[in-house]
Amino acid sequence: MSSAIYDFFVFPAKASARYTRMSKENRSEKVNSAIIGLLALFMAPVASQPEGTPEALAKPHDFVDLVTYCDSCHGTDGISVIPDVPIIGGFSEEGFLNTIDAYRDGERVAIEYHNPGEPETVMNDIAKALTDEEVSALAKYYSERKFKPAYQPADPEKARRGAILHKQSCERCHSENGTEAVEDSTILAGQWMPYLRRQFDNILSKKRQVPRSMYRRVKKLSPQDIDELLHFYALEGDKIHGPPSESGEL
């Protein structure tokens, strides 16, 4: 198992602190290394690995292994410590299933790390490699985890304006100020801002396919509007889900 995967799974707080000290280029390289290592382990045939080796033991034979692989990028219990990787703990079952289907069908693209301007397809490949039974089990598991917000700086004035925008454009589907995982809607309040910003960009560029009604609403937003919404969701996550521990860890 690569050191990147091991660190993010076993020592998430340590990995997070190291991640924030990296340059943007090194962050991309580190996360990309973890993702590539994860896919290599996940897809490698058992026959090619000597029995009893760490690589063979890491090959997912059961549900616990699958969760370990998901958590290696998304954090323990799906609580990501990487700003570019979403928190998935607390997803609704339907939201989780729909997200995997979107990756399988190419309606969503993963993080852009390999080549600038080209979509990274690792998450799409992982989604296709999972069986329907595995996806259903993972959806149930993560829906039963408690959502814990990402603690990140937020401008109160921007958040105030963002609250108005949310009420006008987003509350209909993302209810209770984006704090509820209802049906296929995911929690926005407390989600990582860089991840959410990328989703807005992907929707506007049509790299991510969404219902027409959602696309029309997003298209009406200016870059300033989007920025204010992100600050609102960051601040709302702190308000709804409580302050971080004294150590600053989730």
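The values are calculated or read from the model by the stated rules, or taken from the named source; none is laboratory data. Remember, it's a predicted structure, so these values are computed and weren't measured experimentally. Backbone-built Cβ (ideal geometry, glycine too); neighbour counts: all protein chains shown.
Within the range 204-230, the residues that satisfy the criterion of being without any contact (Cβ under 8 Å) to a residue 60 or more places away in the chain and either in a loop (DSSP other than H, G, I, E, B) or not assigned by TED's automatic domain parsing to the domain that holds residue 161 (or both) are 205, 206, 210, 211, 220, 221, 222.
For residues that are under 21 Å from the mean Cα position of the chain (by Cα) and of a type outside the set (Asp, Glu), tally how many sit in the range 134-165.
First, pick out the residues of the range 134-165 that are under 21 Å from the mean Cα position of the chain (by Cα): 134-154.
If we keep only those that are of a type outside the set (Asp, Glu) too, we end up with 135-143, 145-154.
Residues meeting the conditions: 19.
Among the residues of the range 133-152, not a single one is farther than 22 Å from residue 91 by Cα and either out of contact with any Ser or Thr (no Cβ under 9 Å at 6 or more places or on another chain) or hydroxyl-bearing (Ser, Thr, Tyr) (or both).
Checking each residue in the range 187-203 for being in a loop (DSSP other than H, G, I, E, B) and of a type in the set (A, V, I, L, M, F, W, C) picks out 187, 188, 189, 192. Here is a check on your reading of the model: is residue 46 touching a helix residue (DSSP H, G or I) at 6+ places or on another chain (Cβ under 8 Å), at pLDDT below 50, aliphatic (A, V, I, L, M) and outside the structural domain of residue 191 (by TED's automatic domain parsing)? Taking the combined requirement at face value, the residue satisfies it.
May I ask you to say which residue of 160, 145, 172 is farther than 25 Å from residue 73 by Cβ and in a loop (DSSP other than H, G, I, E, B)?
On the way: 160 fails: in a loop (DSSP other than H, G, I, E, B); 145 fails: farther than 25 Å from residue 73 by Cβ.
After applying the criteria, what remains is 172.
Taking the stated definitions as given, is residue 233 crowded, with 17+ Cβ neighbours inside 10 Å, of a type in the set (Ser, Thr, Tyr) and within 17 Å of residue 96 (Cα to Cα)? So that I can check it myself, show each step before the final result.
Details: crowded, with 17+ Cβ neighbours inside 10 Å: yes; of a type in the set (Ser, Thr, Tyr): yes; within 17 Å of residue 96 (Cα to Cα): no.
So residue 233 does not fit the description; no.
Looking only at residues in the range 110-129 that are of a type outside the set (Gly, Ala, Ser) and at pLDDT 85 or above, the one that is surrounded by the fewest Cβ atoms within 10 Å (Cβ to Cβ) is 128.
So that you can scan it fast, the table gives a plain yes or no per residue for (1) surrounded by fewer than 19 Cβ atoms within 10 Å (Cβ to Cβ); (2) out of contact with any strand residue (DSSP E or B) (no Cβ under 7 Å at 6 or more places or on another chain); (3) closer than 20 Å to residue 88 by Cβ:
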position	(1), (2), (3)
162	no, yes, no
166	no, yes, no
175	yes, yes, yes
178	no, yes, yes
189	no, yes, yes
206	yes, yes, no
212	yes, yes, no
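Return yes or no: is residue 183 surrounded by fewer than 15 Cβ atoms within 10 Å (Cβ to Cβ) and either part of a loop (DSSP other than H, G, I, E, B) or in the same structural domain as residue 101 (by TED's automatic domain parsing) (or both)? In short, yes.
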